[in-house]
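The values are calculated or read from the model by the stated rules, or taken from the named source; none is laboratory data. Because the structure is predicted, anything quoted here is derived from the model rather than measured. Neighbour counts are summed over all protein chains in view; Cβ atoms, including those assigned to glycine, are modelled from backbone coordinates with ideal geometry.
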Amino acid sequence: MSAPVAEHVLASAVVQPEVLTGFSGPDAPPWEVINTCVHCGFCLPACPTYKLTLRERSSPRGRITLIKAVAEGRLDLMDPTFQDEMYLCLNCRACEAACPSGVKYGELVESARAQIEAQSPRTLRVRSARIAAFRGVFGSSRRFRAASAGLRLYQRTGAQRFVRRSGLLRRVGLAEKEALLPELSERFLVPGKEFWPAEGVRRGTVALLAGCIMSTAYAEVHRATARVLSRNGFDVIVPPGQGCCGALAIHSGDLEAGRAAARANIAAFSSPSIDAVVSNAAGCGAAMREYDFLLRNDPDWAERARRIAGKVRDVSEFLADQGLVATPGPLAVTVTYQEPCHLVHAQRISRQPRELLAAIPELQLIEMPESALCCGSAGIYNLLQPEMSSALLERKLANATSTGAAIIVSANPGCMLQMAAGLRSKGVQTEVVHIMTLLDRAYAALDVTAAAAN
Ligand code: SF4
Ligand code: SF4
């Protein structure tokens, strides 16, 4: 089928009887969610792909109409426009936050992608690459650390500098993708190997999600997070047996790989002594909060998934809601705050990070325009949809640098990598810093002041 068929569907939007024919199996986009959309269009101004294209089919309402048409058998699942639109969507969930009818758009697009992946005649090469990535490398934290160690060697031995200077990457069209590689930490965070006891009066025990990229590229952000939590009265454990949250696989339509990751994490975090499962990566926290939906049809895991999902907190949300008992030291810096989509839209956390920033004496927060607009990172979207991703990154950096702030604060590894790479390519000195690193710096400043006074 050709693109005009999808256009025709958008123009007609015929209401059909509730017989689902285009999707199959228990992972079909839920009909009750499709049907919640009343086509009011309130979500359109919030949607990054609609903002940039002004095309109805690239809007949330347009995509829901397409999903409904496939569900009703009026549009083929293999229709190229349908597939393009499912993957041009960033899954940023800005539409969900804007929707007055409570349409759970994320459930629709993730289910639709899973249907495409299950029924697409992918080449053996593509299938093998997906299996190797989602079930091989991301499916085991041991293998992920081994792959990261190889990458660290490439970065530290000078091989990266040599390859970049040789022009080889540009010749094979990989220069921009390679520039997005995170700089690997000197010492990875290995679950089960580190523990931070509560300082002062003990308020509880939290379990930190180590994740994949966070534990190898941002291990120091994890340690900063643990120090901040410990300063505020919490024992911090990193339970063994945990791994990647599964978000990358889920967003790419490999629900089985996502479910395997979810089961491993549910088992790892199931101790009743854990008061909260804390994540400092917005995308991972959002994925874990939705383990109950992911495993809803699995009788052995559904209840356990619901229990763990209910314990997950983003670290900013957790600290702001519990209250800081240790006052941070002063940091005389100007910062602007970039809201990760999966924090502000998927988890609806916007007030708490700002409260934490306000708790740092002498820090000045300068709000950027469109702070909640996607930066274009969106998991591996920046690799798969480079044009749309670059346009969004340009807009984000223009908004952020217009504030003149010295630091862009964020709370998600993908956004941090994307913005840092964009700034580097422009030669702009603005630093990109995780909010927990900033708080940790503020507590360290307090220690320096106290030491000087003694
Ligand atoms: S998703 Fe929500 S806001 Fe968007 S058109 Fe449907 S009902 Fe309206
Ligand atoms: S998830 Fe984001 S990109 Fe996709 S339709 Fe919603 S607002 Fe648009």
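Residues that are under 27 Å from S252 (Cβ atoms) and either polar (S, T, N, Q) or in the same structural domain as R223 (by TED's automatic domain parsing) (or both), at least 1 per element: which helices (runs of 4 or more DSSP H) completely within the stretch 267-364 meet that?
Output list reads 282-289, 291-294, 302-311, 315-322.
Got at least one residue in the stretch 74-91 being modelled with pLDDT of 95 or more, within 14 Å of ligand 1 (Cβ to nearest atom) and farther than 16 Å from M388 by Cβ?
no
Report, ordered by the first and then the second residue, all pairs with beta carbons closer than 6 Å, sequence separation of six or more or different chains, a first member in the stretch 286-301 that is under 19 Å from G25 (Cα atoms) and free of Cβ contacts under 8 Å to residues at least 12 places away in the same chain, and a second member that is surrounded by fewer than 20 Cβ atoms within 10 Å (Cβ to Cβ) and not hydroxyl-bearing (S, T, Y).
Matching pairs, first to second residue: R296/A302.
State whether the residues of the stretch 65-83 include one that is assigned to a loop (DSSP other than H, G, I, E, B), of a type in the set (D, E, K, R), under 26 Å from P340 (Cα atoms) and away from ligand 2 (no atom under 11 Å from the Cβ).
Here is the first cut: in the stretch 65-83, the residues assigned to a loop (DSSP other than H, G, I, E, B) are 72-79.
Subset that is of a type in the set (D, E, K, R): 72, 74, 76, 79.
Within this subset, residues satisfying the condition of being under 26 Å from P340 (Cα atoms) are none.
No, every residue in the stretch 65-83 fails to be assigned to a loop (DSSP other than H, G, I, E, B), of a type in the set (D, E, K, R), under 26 Å from P340 (Cα atoms) and away from ligand 2 (no atom under 11 Å from the Cβ).
Could you run through the stretch 23-45 and say how many residues are under 20 Å from H251 (Cα atoms) and either free of Cβ contacts under 8 Å to residues at least 12 places away in the same chain or within 9 Å of ligand 1 (Cβ to nearest atom) (or both)? Even if it seems obvious, please write down each step before you answer.
Just the residues of the stretch 23-45 that are under 20 Å from H251 (Cα atoms), to begin with: 23-31, 33-34.
Then drop every residue that is not either free of Cβ contacts under 8 Å to residues at least 12 places away in the same chain or within 9 Å of ligand 1 (Cβ to nearest atom) (or both), which leaves none.
Final tally of qualifying residues: 0.
Within the stretch 101-121, take every residue that is closer than 18 Å to I250 by Cβ and away from ligand 1 (no atom under 16 Å from the Cβ) and give me the one that is modelled with the lowest pLDDT. Give the steps one after another, and end with the answer.
The initial filter retains those residues of the stretch 101-121 that are closer than 18 Å to I250 by Cβ, namely 104-120.
With the extra rule that they be away from ligand 1 (no atom under 16 Å from the Cβ), the set shrinks to 113-120.
Details: R113: 94, A114: 93, Q115: 94, I116: 92, E117: 88, A118: 86, Q119: 83, S120: 77.
Top of the filtered list is S120.
Give me the pairs: first residue in the stretch 92-108 and polar (S, T, N, Q), second residue near ligand 1 (Cβ under 6 Å from one of its atoms), beta-carbon distance under 6 Å, and six or more apart or on different chains, which are they?
S101/V38
Restricting to the stretch 199-211, what's the tally of residues that are closer than 16 Å to V277 by Cα and in a loop (DSSP other than H, G, I, E, B)?
Taking the stretch 199-211 as the starting set, the residues that turn out to be closer than 16 Å to V277 by Cα are 203-211.
When the remaining residues are screened for being in a loop (DSSP other than H, G, I, E, B), the result is 203, 209-211.
Within the stretch 199-211, residues that are closer than 16 Å to V277 by Cα and in a loop (DSSP other than H, G, I, E, B) number 4.
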